[in-house]
1. Touching an Asp or Glu at 6+ places or on another chain (Cβ under 9 Å) and outside any loop (DSSP other than H, G, I, E, B): is that true of residue 269 in this structure?
2. Mind checking which residues of region 295-321 are surrounded by fewer than 16 Cβ atoms within 10 Å (Cβ to Cβ) and either under 23 Å from residue 52 (Cβ atoms) or of a type in the set (Gly, Ala, Ser) (or both)?
3. Of all residues in region 130-149 being free of Cβ contacts under 8 Å to residues at least 24 places away in the same chain and either under 29 Å from residue 188 (Cα atoms) or out of contact with any Phe, Trp or Tyr (no Cβ under 9 Å at 6 or more places or on another chain) (or both), which is most open to solvent (accessible area, probe 1.4 Å)?
4. Select from region 36-56 the residues that are surrounded by fewer than 24 Cβ atoms within 10 Å (Cβ to Cβ) and assigned to a helix (DSSP H, G or I) and list them in ascending order.
5. When you go through (1) at negative phi; (2) at pLDDT 95 or above one by one for residue 266, which number turns out not to apply?
6. Filter region 296-311 for residues that are part of a helix (DSSP H, G or I) and at pLDDT 90 or above and give the result.
7. Could you list, ordered by first residue, the pairs with Cβ atoms under 9 Å in which the first is in region 73-102 and free of Cβ contacts under 8 Å to residues at least 24 places away in the same chain and the second is open to solvent by 30 Å² or more (accessible area, probe 1.4 Å) and among the polar types (S, T, N, Q), at least 6 apart or interchain?
Amino acid sequence: MPLRTAAALTGSLALAASLTACGGSASSADSDDGAKTVTVYSADGLKSDKGDGWYDRVFADFTKKTGIEVKYVEGGSGEMVQRALREKTNTQADVLVTLPPFIQQADGKGLLQAYKPQGSDKVKGGDKAPDGKWTSVVNNYFGFVYDKKELPEAPKTWEELLDARYKGKLQYSTPGVAGDGTAVLVKAMHDFGGKEPAMEYLRKLQANNVGPSSSTSKLAPKTDKGELLVANGDVQMNYAQSKSMPNLGIWFPAKDGGKPTSFALPYAAGLVDKAPHTENARKLLDYLLSEDAQKLVSEVGGGFPARTDVKPTDANAVELAKLMTGVEVFEPDWADIDKNLSAYVDAWKSATGS
């Protein structure tokens, strides 16, 4: 799997956001009944159980500004794509938000229609589709979490996780189902130098693995409580969770003898093909990329804005930049991953007996 390595990420970062979803289904098209709703299917990450997440804030502001109610459905990236695919003949979602490679997968399955939101010209070329089928609204990074109470220092390498102390105390979300779980495969294949050595490592790691999890967000609370010592995640979600989970720490595994690595794992949003409320969906996509919404990404959501011209200086932004300093950021070949995802997931299943 070819991967292009980028320079180590240091200094200030452009901060980005992620999208999560509200339950419920849309009725008929905007032009038919003037319905003031928009339905979002999204990967989990920026919606807070306490109602103080980035989604909570921007959805409320959007409704106040437009009178359009946001209905929200949340799940793993793969799960959301599969749900939208099942409903293709009776479309319910207006906006789909997933991590890569699932946004590319959604596009390949004909689930998205072209729309370039206002502000998308400020999003880097690699973080949006050239034809406007999707645009990143959160520039996030892949990472791991650990229990700071039980582990005074974070682990440093993948190899450390094979130690018996992690047996039954380590868990990562399911590749092919969760975006962050799929990211485990992407990072392992990069760090170990290919599919075969990565699968050999994950085969060994399975002896310590608790088992499958369709949702990554559920692993952080288990880690904070000490049920787990280590789990996978992503920087935005875990940083936001750490505000109410004092034992949660973020770290980036390195291969023994190498540097800690990560890669951008943005939340990418697309307008669903034959969306019941197309005009409302366009308005929401515009708002998610507005300066007002993007400026709240770090302050409220603990993430990295997708717009390169939005450069927050709040306390969260400073801490996030410090967290990423010295981490080597590589650029996955998403076209290769999208093309071969099923083969990579099958190889993982075979290696781990999952």
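1. Numbers: touching an Asp or Glu at 6+ places or on another chain (Cβ under 9 Å): no; outside any loop (DSSP other than H, G, I, E, B): yes.
Considered against the rule, which asks whether it is touching an Asp or Glu at 6+ places or on another chain (Cβ under 9 Å) and outside any loop (DSSP other than H, G, I, E, B), residue 269 comes out as no.
2. Initial filter on region 295-321 (surrounded by fewer than 16 Cβ atoms within 10 Å (Cβ to Cβ)): 308-309, 311, 313-315, 318-319.
The answer is 313, 314, 315, 318, 319.
3. Looking at residues that are free of Cβ contacts under 8 Å to residues at least 24 places away in the same chain and either under 29 Å from residue 188 (Cα atoms) or out of contact with any Phe, Trp or Tyr (no Cβ under 9 Å at 6 or more places or on another chain) (or both), I get 130.
4. 56
5. (2)
6. 296, 297, 298, 299, 300
7. Note: pairs meeting the criteria are 87/25.
Residue-by-condition table, conditions (1) of a type in the set (Lys, Arg); (2) in contact (Cβ under 8 Å) with a residue 12 or more places away in the chain; (3) closer than 23 Å to residue 102 by Cα; (4) out of contact with any Ser or Thr (no Cβ under 6 Å at 6 or more places or on another chain):
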| site | (1), (2), (3), (4) |
| --- | --- |
| 264 | no, yes, yes, yes |
| 274 | yes, yes, yes, no |
| 293 | no, yes, no, yes |
| 330 | no, yes, yes, no |
| 340 | no, yes, yes, yes |
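The values are calculated or read from the model by the stated rules, or taken from the named source; none is laboratory data. The structure presented is a predicted model; accordingly, all values stated were derived computationally and were not measured. Note that we place each Cβ from the backbone using ideal geometry, even for glycine, and neighbour counts take in every protein chain shown. Accessible surface areas use protein heavy atoms only, side chains included; no ligands, DNA or RNA. Shrake-Rupley method; radii C 1.70, N 1.55, O 1.52, S 1.80 Å.
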